[in-house]
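A.B. asks: Could you have a look at this structure, given as structure tokens, before my questions?
The values are calculated or read from the model by the stated rules, or taken from the named source; none is laboratory data. Source: prediction; values computed, not measured. Quick reminder, even Gly has a Cβ in these numbers, built from the backbone with ideal geometry, and neighbours come from all protein chains shown. Protein only, heavy atoms only, side chains kept; ligands, DNA and RNA dropped before computing areas. Shrake-Rupley method; radii C 1.70, N 1.55, O 1.52, S 1.80 Å.
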Amino acid sequence: MKFFDSHCHLQFKAFDGIRDRIISDIIESNSKVINVGSSIENSRSGILLSKQYPNNLYSSIGVHPVHSLGFSIYEDKEEAEKDMIKYPQDLNLLREMVKEVKAIGECGIDFSYLSHLNDDVENLKQKQIDCFKFQIELAKEFNLPLILHIRKEYIMALEILNELNFKGKAVFHFFKGKYSDFEEILKNINYYFSFSNVILYDNSMEKVIYDVPIDRLMIETDGPYVPPIGKKGEINEPKNVFYVAEKISKIKGMKIEEILDITYNNSLKFFGI
């Protein structure tokens, strides 16, 4: 069965050594994946990888909130080798890549990384917001959808999008908000929800999933992160969206094939493929 993994990072270091096998599986099943950029450096490498497989792999470019502050908060060995990501990130370099991609992001708001820092936290929050705003404006300028990384601050994100008069499409990737957040996002018909294997860990998202309109639903792995239950400790790869689709199918009372087909077509529409 074919699938569309709307958010993965196949260009990340974690996939070294197994990437070719994973891509062969994607091609064999006639599936599609968005390689999501989280820094200038891996936005570039994501594009280069996707160009090799133009019928199956596509790219987005963006600077993740964790990379928005001008210095490294922590070293993520899954993402890249030490010092491969340069600080401060030059957001203007995104412009050099924008015509080769299907979306801007991942970008957004995530203050959870700031709590242990001794710096002026309010100043750092503003830097993150400014980075987010730059990418919203870029999406507006080139008429591209946004891939949003939001942790807890969903209402703030909506306020910023409204402040900048963003009228395009956006997907709230790895959605894990409260039901009240879901209700506010739902008011904008251009906003989509994407769910990952984290929905297998507990039942907190079941009411949201039950109520999300089927035409605004997407699925993802966020690979190499957050593998499904039973595969903890393993690298999360695109085919694991089957577990997400299975969970959603049970909640919605539909067949897994229907969920895979609907999310595939929703993703094609969202990314303009």
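A.B. asks: In this structure, does residue 129 turn out to be in contact with a helix residue (DSSP H, G or I) (Cβ under 8 Å, 6 or more places away or on another chain), of a type in the set (Val, Ile, Thr) and more than 30 Å from residue 55 (Cβ to Cβ)?
C.D. replies: It is true that residue 129 is in contact with a helix residue (DSSP H, G or I) (Cβ under 8 Å, 6 or more places away or on another chain), of a type in the set (Val, Ile, Thr) and more than 30 Å from residue 55 (Cβ to Cβ).
A.B. asks: In addition: Given the conditions (1) open to solvent by 10 Å² or more (accessible area, probe 1.4 Å); (2) under 18 Å from the mean Cα position of the chain (by Cα), and given that residue 123 satisfies all but one, which numbered condition is not satisfied?
C.D. replies: It is condition (2) that residue 123 fails.
A.B. asks: Among the candidates 163, 184, which residue alone is more than 18 Å from the chain's Cα centre (by Cα), farther than 19 Å from residue 128 by Cα and not hydrophobic (A, V, I, L, M, F, W, C)?
C.D. replies: Of the residues listed, the single one that is more than 18 Å from the chain's Cα centre (by Cα), farther than 19 Å from residue 128 by Cα and not hydrophobic (A, V, I, L, M, F, W, C) is 184.
A.B. asks: Then there's this: Give the range 212-229 a look and list any residue that's modelled with pLDDT of 95 or more and either small (Gly, Ala, Ser) or loosely packed, with under 14 Cβ neighbours inside 10 Å (or both), or say none.
C.D. replies: 213, 214, 215, 223
A.B. asks: A follow-up question, please. Is it the case that the range 135-143 has a residue that's farther than 24 Å from residue 236 by Cα, more than 16 Å from the chain's Cα centre (by Cα) and surrounded by 19 or more Cβ atoms within 10 Å (Cβ to Cβ)?
C.D. replies: Within the range 135-143, one or more residues are farther than 24 Å from residue 236 by Cα, more than 16 Å from the chain's Cα centre (by Cα) and surrounded by 19 or more Cβ atoms within 10 Å (Cβ to Cβ).
A.B. asks: Name the single residue that is farthest from the chain's Cα centre (by Cα) among those in the range 187-220 being within 18 Å of residue 268 (Cβ to Cβ) and hydroxyl-bearing (Ser, Thr, Tyr).
C.D. replies: Across the range 187-220, the extreme among qualifying residues is 191.
A.B. asks: What's the number of the only condition in (1) of a type in the set (A, V, I, L, M); (2) in contact (Cβ under 8 Å) with a residue 40 or more places away in the chain; (3) more than 26 Å from residue 33 (Cα to Cα) that residue 138 fails to meet?
C.D. replies: (3)
A.B. asks: Determine if the range 151-162 includes at least one residue that is under 18 Å from residue 94 (Cβ atoms), touching a strand residue (DSSP E or B) at 6+ places or on another chain (Cβ under 6 Å), modelled with pLDDT of 95 or more and of a type in the set (A, V, I, L, M, F, W, C).
C.D. replies: no
A.B. asks: I've got another one for you. What residue, among those in the range 230-245 that are within 25 Å of residue 266 (Cβ to Cβ) and of a type in the set (A, V, I, L, M, F, W, C), is most open to solvent (accessible area, probe 1.4 Å)?
C.D. replies: My answer is 242.
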